[in-house]
Amino acid sequence: MDLDTAANYADIFGLLTIVGAAVYSFYQIKEMKASRESQGALALSEHLQRPDFIAAIIAMSGQPDLVTTEEYKEHHGEAWKDVVTLATTWETLGALVHRGDLDFHLVYDIYGGLVAFSHGKMLPWVEDERRLYGETRLEWFTWLAERINEYNAAHDNNVRPAHIEYKDWKPRKK
């Protein structure tokens with residue numbers, strides 16, 4: 001084999017190596033993304049196991065129509081910090097969904113109803129906070145609730161509960 005033929009084979013081998021590395025990298029990135037989404041789902045579901053998170057949902061759900069921060073503090077007493085934590089949790093989820101760090105549909109499936117309901121109950125207080133501290137107060141909470149409401153409206157409010165929508169679902173065979 002002469003030097004030119006060997007160089008051509010080396011070029012072909014080099015090109016195949018680069019293409020193989022690109023294909024391998026594509027699958028590795030895809031795998032990493034799936035792993036990140038699984039970790040995000042697990043972290044989201046862990047909130048539902050925390051007693052203070054559940055207490056905040058119950059406290060907020062049963063509150064009368066309140067407007068000001070002072071009314072919230074007076075009504076909730078010691079649970080006030082838990083209710084604020086609930087709002088800031090929704091705030092964080094909104095920012096993470098917007099950045100693409102959490103999938104909207106994942107957040108929607110786990111918390112969609114709670115976020116929209118919480119925002120409706122807390123909106124007068126959120127608006128009071130914005131009057132006091134500026135428009136950026138709990139902005140991502142509002143953003144996320146609006147996206148959830150838009151999603152529901154786009155589906156003509158025909159989003160069905162999971163136990164009805166997926167009643168015929170079966171796990172895939174291993």
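FYI, it's all coordinate maths here, none of it is from the lab. As the structure is a prediction and not an experimental result, all values here were calculated from the model. Cβ atoms come from the backbone with ideal geometry, glycine included; neighbour counts cover every protein chain shown.
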Can you match Rg and Dmax of the Cα atoms in Å to one of these, (i) 24.5, 90; (ii) 15.9, 59; (iii) 14.7, 42, based on a calculation from the structure here?
(i)
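Which order do R172, R160, R130 fall in if you start with the one that has the fewest other Cβ atoms within 10 Å? Mind dumping the intermediate values first?
Numbers: R172 4, R160 11, R130 15.
Taking fewest neighbouring Cβ atoms as first place, the list is R172, R160, R130.
At most 12 other Cβ atoms within 10 Å plus a DSSP loop assignment makes a site exposed; report the longest stretch of the chain without any exposed chymotrypsin sites (Phe, Trp or Tyr not before Pro). Before the final figure, lay out the partial values.
Working: sites that count: Y166, W169.
With a cap of 12 other Cβ atoms within 10 Å, the longest stretch comes to 1-165.
Exposure proxy check: K170, K73 ranked by fewest other beta carbons within 10 Å? Don't jump to the answer; show the numbers that get you there.
Working: K170 6, K73 14.
Ordered by Cβ neighbours within 10 Å, fewest first: K170, K73.
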Estimated 222 nm signal from helices in the chain, with DSSP H stretches of n ≥ 4 weighted -39500 (n - 2.57), rounded to 500:
-26500 deg cm²/dmol
For a Förster distance of 30 Å, can you work out the FRET efficiency between the beta-carbons of K167 and A22, rounded to the nearest 0.05?
0.10
Angle in degrees between helix 3-47 and the longest Cα principal axis of the chain, rounded to the nearest 10:
20 degrees
Using only Cα atoms and rounding to the nearest 10 degrees, what angle (0 to 90) does helix 51-61 make with the longest principal axis of the chain?
50 degrees
Give the angle, between 0 and 90 degrees and rounded to the nearest 10, that separates the Cα long axis of helix 80-99 from the longest principal axis of the Cα atoms of the chain.
30 degrees
Taking the chain as a Gaussian network, where each spring joins two C-alpha atoms under 10 Å apart, which residue of M60, M122, M32 fluctuates the most?
M32
Label-point separation, M32 to K81 (7 Å along Cα→Cβ), nm
3.8 nm
If you place +1 on the Cβ of every Lys and Arg, -1 on the Cβ of every Asp and Glu, and leave all else neutral, what size is the dipole of the chain about its Cα centre, to the nearest 20 Debye?
700 debye
